[in-house]
Amino acid sequence: MLTLTAKEREKFWQTAELLRRPSPPLKIDKRKGAQWMQPSLRARVRHLRGEEKLRHATVLEFL
């Protein structure tokens, strides 16, 4: 789950629309109602040190 400001949320959805595609990028079962996108959206995040998994992350910016 992400918490974004209105400006960040707008940028995220604009980028997601540009990356939209009709089918999953990998061979997996299609999901009813899913919207697929090209897996190229990147973000710079700050997270807790020493964790093996990305936990308690804060999105700093979308790249």
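What to note about this one:
- Check on Thr15, within 21 Å of Phe62 (Cα to Cα), over 12 Å from the mean Cα position of the chain (by Cα) and hydroxyl-bearing (Ser, Thr, Tyr): no
- Residue in the stretch 8-15 that is surrounded by 10 or more Cβ atoms within 10 Å (Cβ to Cβ), hydrophobic (A, V, I, L, M, F, W, C), touching a residue at least 24 places away in the same chain (Cβ under 8 Å) and in a strand (DSSP E or B) present: no
- Of all residues making up the stretch 16-33, the number that are at pLDDT below 85 and surrounded by 11 or more Cβ atoms within 10 Å (Cβ to Cβ): 2
The values are calculated or read from the model by the stated rules, or taken from the named source; none is laboratory data. Quantities reported herein were computed from a predicted structural model and do not represent experimental measurements. For neighbour counting, all protein chains shown are included, and Cβ atoms are generated from backbone atoms with ideal geometry for every residue, glycine included.
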